[in-house]
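Take a look at the structure set out below.
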Amino acid sequence: MSIQIVATHERVDDIPAIIVHLKKMRVAELLDKHFQPNGNWQGLSLGRTTAVWLTFILSEGDHRLYRVEPWVTAHRRTLSRCIGHQVTPRDVTDERLATILDYLGVADRWSAFERELNQSVLRVYDLQGRLVRVDTTTAAAYVTPEGLFQLGHSKDHRPDLPQVKVAMSVLDPLGLPLTTTVVAGQTADDPLYLPEIAKVRQITRTTGRTYVGDCKMAALGTRAEIVAHQDYYLCPLSAKQMPDTELDRILAPVLSEAHEPMAIRLPHADGALDETDDPVALGFAYTVEISALDQSGQSHTWQERRLVVRSLAFAASQEQSLRQRVARAVTEINTLDKRTQGKPRLSDEAAAAQAAAVILAKHRVEELVTVTVTTEVHEHVKRRYGARPATTVRRARVRVWATSDETTLRRTVQRLGWRVYATNHAAEALSLVQGVAAYRSEYLIEQGFGRLKGRSLALTPLFLHDEQRVVALICLLSIALRVLVLLQFVVRRNLQQAAATLKGIYPGQPGRSTAQPTTEMMLLALRGVTLSRLRINGKLLYH
């Protein structure tokens with residue numbers, strides 16, 4: 001008796017893991033609720049089609065529209081089973097995906113969708129964080145400067161390319177995106193913080209949260225508006241707000257050893273603090289009274305604590321760089337009067353002093369190097385020759401010598417690494433150690449920007465030229481970023497609760513384990529999982 005076997009195979013990869021989180025977040029459901037397509041829309045709904053596209057982006061790290069259709073063809077059965085509806089390649093043609101971007105680009109509808117999505121995520125995942133980070137980044141494109149795409153200060157070190165600017169707020173401790181705003185590339189950062197903070201208030205429907213940002217969030221009007229809404233802030237003061245003369249006055253008791261700053265040690269990952277650990281910083285705090293107007297013109301007066309902190313690692317790095325600059329300047333100045341072939345001589349002391357000043361300015365060590373310029377005069381007698389009488393010949397040579405001013409250098413080194421942070425929190429609510437720890441976790445939002453523009457989501461380089469579609473694409477990728485963050489958060493939380501670690505996610509190192517896996521590592525470990533559909537004498541089996 002012959003056995004008839006018909007087998008088909010399909011790569012499943014990480015598709016089910018991604019779709020289950022999209023369902024838990026209610027992405028397709030909320031998209032269908034807030035974005036109603038016209039009556040000509042057929043096939044898979046807009047929300048489910050977008051969920052398929054998001055799955056492709058997260059699985060492949062590619063947002064290009066024309067690549068989705070062949071990918072769906074290769075994973076059609078898996079996608080249909082996971083989505084719960086029949087998925088066909090015609091549902092994800094590049095024309096249809098472009099139409100989805102047109103719908104998502106409607107600002108009012110997106111704001112309402114994002115607000116309800118965040119409220120759902122905060123409730124479902126039981127997220128009660130009280131600290132929100134706000135920052136901006138840029139995304140460049142190879143286009144002509146026009147509309148949103150404008151030349152401006154590039155955070156990707158590409159000032160030659162037009163760019164858009166993205167403002168984002170994220171929730172600690174997981175770095176979950178809460179709001180996303182896209183503006184023109186030349187827009188200043190300062191006015192972007194308050195709109196994001198206002199959106200967070202609408203989402204959470206509470207006040208009393210702490211907003212952490214960089215020195216551009218420290219504008220006096222921004223701080224006053226935060227105080228007016230009974231919220232809190234933590235941000236460093238810029239050089240304009242804390243000039244060197246004022247900082248020198250504040251540091252005078254510390255540098256003269258009349259006051260000893262506190263040694264700051266940060267807790268470990270489990271929250272334990274070991275007093276035997278080396279301190280990461282030194283610091284102290286003082287309080288000032290601040291008065292300013294909010295956006296409505298109402299005056300507010302509050303007590304602001306200033307956290308004066310010296311990062312020891314940052315100070316050591318600055319000291320190393322400073323001493324290297326001093327050494328290079330001294331070496332270059334000491335070779336000014338060295339005579340080599342083709343090198344012009346220094347004509348006089350003024351020319352030598354000018355050349356030394358140029359070197360000092362180049363290395364920014366004008367006050368740290370002492371330069372001595374002298375003129376050596378040598379005389380010798382040129383003997384008589386024939387009718388020419390004996391003569392005395394005088395030759396002058398300009399000498400330059402530079403040495404580092406160790407006393408000034410030592411004082412300058414003591415001044416390195418200090419920075420002043422401002423907060424309206426009382427000491428009981430935010431201690432000096434807690435303030436330092438909070439700002440040192442600023443990498444959380446930078447990590448999100450790295451995922452947004454890196455291999456994970458591949459926003460840059462932008463391939464779209466239509467402004468509305470570019471804005472919609474960035475908003476779409478912010479949903480994908482939420483999936484990456486939440487999946488990582490859930491796994492790490494479960495591992496912590498079980499006091500367990502995860503193995504098998506490091507390529508080539510099957511025995512290596514970690515309690516802090518990233519989403520990218522876990523999704524990569526699922527690559528190659530294959531679903532086999534076997535029909536044996538009419539009986540259907542899956543493996």
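What do you reckon, is Thr530 among the β-branched types (Val, Ile, Thr) and touching a Leu at 6+ places or on another chain (Cβ under 8 Å)?
Against the criterion (among the β-branched types (Val, Ile, Thr) and touching a Leu at 6+ places or on another chain (Cβ under 8 Å)), Thr530 does not qualify.
Helices (runs of 4 or more DSSP H) wholly in segment 426-543 with at least 1 residues that are touching a Lys or Arg at 6+ places or on another chain (Cβ under 7 Å) and among the β-branched types (Val, Ile, Thr) - which ones?
443-453
Within segment 442-458, can you find the residues that are open to solvent by less than 60 Å² (accessible area, probe 1.4 Å) and in contact with a strand residue (DSSP E or B) (Cβ under 8 Å, 6 or more places away or on another chain)?
Glu442, Leu444, Ile445, Gly448, Phe449, Leu452, Lys453
Can you go through Arg527, Arg482, Arg535 and tell me which one is buried (at least 19 other Cβ atoms within 10 Å of the Cβ) and in contact with a strand residue (DSSP E or B) (Cβ under 9 Å, 6 or more places away or on another chain)?
Of Arg527, Arg482, Arg535, the one residue that is buried (at least 19 other Cβ atoms within 10 Å of the Cβ) and in contact with a strand residue (DSSP E or B) (Cβ under 9 Å, 6 or more places away or on another chain) is Arg482.
Mind listing whichever residues of segment 385-417 are open to solvent by 30 Å² or more (accessible area, probe 1.4 Å), part of a strand (DSSP E or B) and either within 27 Å of Arg223 (Cβ to Cβ) or in contact with a strand residue (DSSP E or B) (Cβ under 9 Å, 6 or more places away or on another chain) (or both)?
Arg388, Thr391, Thr392, Val393, Arg394, Arg395, Ala396, Arg397, Arg399, Trp401, Thr403, Ser404
Just one of (1) open to solvent by 10 Å² or more (accessible area, probe 1.4 Å); (2) under 20 Å from Arg109 (Cβ atoms); (3) at pLDDT 90 or above trips up Gly39, so point out which.
(3)
Only one of these conditions is not met by Glu428: (1) more than 30 Å from Met522 (Cβ to Cβ); (2) without any contact (Cβ under 8 Å) to a residue 12 or more places away in the chain; (3) open to solvent by less than 60 Å² (accessible area, probe 1.4 Å). Which number is it?
Of the numbered conditions (1) more than 30 Å from Met522 (Cβ to Cβ); (2) without any contact (Cβ under 8 Å) to a residue 12 or more places away in the chain; (3) open to solvent by less than 60 Å² (accessible area, probe 1.4 Å), the odd one out for Glu428 is (3).
For segment 403-455, what are the residues that are within 22 Å of Leu481 (Cβ to Cβ) and touching an Asp or Glu at 6+ places or on another chain (Cβ under 6 Å)?
Result: Ile445, single match.
Residues to consider are Ser291, Ser296; find the one that is modelled with pLDDT of 90 or more and either more than 18 Å from Gln414 (Cα to Cα) or under 27 Å from the mean Cα position of the chain (by Cα) (or both).
Ser291
Contact list please: Cβ distance under 8 Å, first residue in segment 167-187 and free of Cβ contacts under 8 Å to residues at least 24 places away in the same chain, second residue in a strand (DSSP E or B), pairs at least six apart or on different chains.
Thr181/Val166; Thr181/Ala167; Thr181/Met168
Starting from residues that are small (Gly, Ala, Ser) and closer than 17 Å to Leu524 by Cβ, keep the ones in segment 495-510 and report whichever is surrounded by the most Cβ atoms within 10 Å (Cβ to Cβ).
Taking the candidates together, the pick is Gly504.
Any residue in segment 43-61 that's at positive phi and open to solvent by 20 Å² or more (accessible area, probe 1.4 Å): show its pairings with residues that are in a helix (DSSP H, G or I) and charged (D, E, K, R) at Cβ separation under 7 Å, as long as the two are six or more apart or on different chains.
Gly43/Arg90; Gly43/Asp91
Report yes if Val143 is touching a strand residue (DSSP E or B) at 6+ places or on another chain (Cβ under 9 Å), open to solvent by 20 Å² or more (accessible area, probe 1.4 Å) and modelled with pLDDT of 90 or more, otherwise no.
Taking the combined requirement at face value, the residue does not satisfy it.
Looking at this structure, is Thr78 polar (S, T, N, Q), over 18 Å from Lys33 (Cα atoms) and open to solvent by less than 30 Å² (accessible area, probe 1.4 Å)?
The answer is yes for Thr78.
Among the residues of segment 448-471, is there at least one that is touching a Gly at 6+ places or on another chain (Cβ under 7 Å), closer than 30 Å to Leu312 by Cβ and touching a residue at least 40 places away in the same chain (Cβ under 8 Å)?
Taking every residue of segment 448-471 in turn, at least one turns out to be touching a Gly at 6+ places or on another chain (Cβ under 7 Å), closer than 30 Å to Leu312 by Cβ and touching a residue at least 40 places away in the same chain (Cβ under 8 Å).
Identify, by number, the condition in (1) free of Cβ contacts under 8 Å to residues at least 40 places away in the same chain; (2) open to solvent by less than 10 Å² (accessible area, probe 1.4 Å); (3) aliphatic (A, V, I, L, M) that Val132 doesn't meet.
(1)
Please go through segment 347-370 and give me each residue that is open to solvent by 40 Å² or more (accessible area, probe 1.4 Å) and more than 37 Å from the chain's Cα centre (by Cα), ordered by number.
Passing the criteria: Ser347, Asp348, Glu349, Ala350, Ala353, Gln354, Ala357, Thr370.
Mind checking which residues of segment 321-344 are among the basic types (Lys, Arg) and over 25 Å from Arg410 (Cα atoms)?
Matches in segment 321-344: Lys338, Arg339, Lys343.
Before we move on, is Thr375 under 30 Å from Lys240 (Cβ atoms) and of a type in the set (S, T, N, Q)?
No; evaluated as a whole, the condition is false for this residue.
Does segment 83-100 include one or more residues that are touching a Leu at 6+ places or on another chain (Cβ under 9 Å), of a type in the set (Asp, Glu), within 30 Å of Asp190 (Cβ to Cβ) and surrounded by fewer than 22 Cβ atoms within 10 Å (Cβ to Cβ)?
no
Taking the residues in segment 198-249 that are among the acidic types (Asp, Glu) and in contact with a helix residue (DSSP H, G or I) (Cβ under 8 Å, 6 or more places away or on another chain) as candidates, determine which candidate is surrounded by the fewest Cβ atoms within 10 Å (Cβ to Cβ).
Looking at the filtered set, the residue picked out is Asp248.
The values are calculated or read from the model by the stated rules, or taken from the named source; none is laboratory data. Nothing here was measured: the structure is a model prediction, and the numbers come from that model. Backbone-built Cβ (ideal geometry, glycine too); neighbour counts: all protein chains shown. Just the protein is used for accessible areas: all its heavy atoms, side chains included, with ligands, DNA and RNA removed. Shrake-Rupley method; radii C 1.70, N 1.55, O 1.52, S 1.80 Å.
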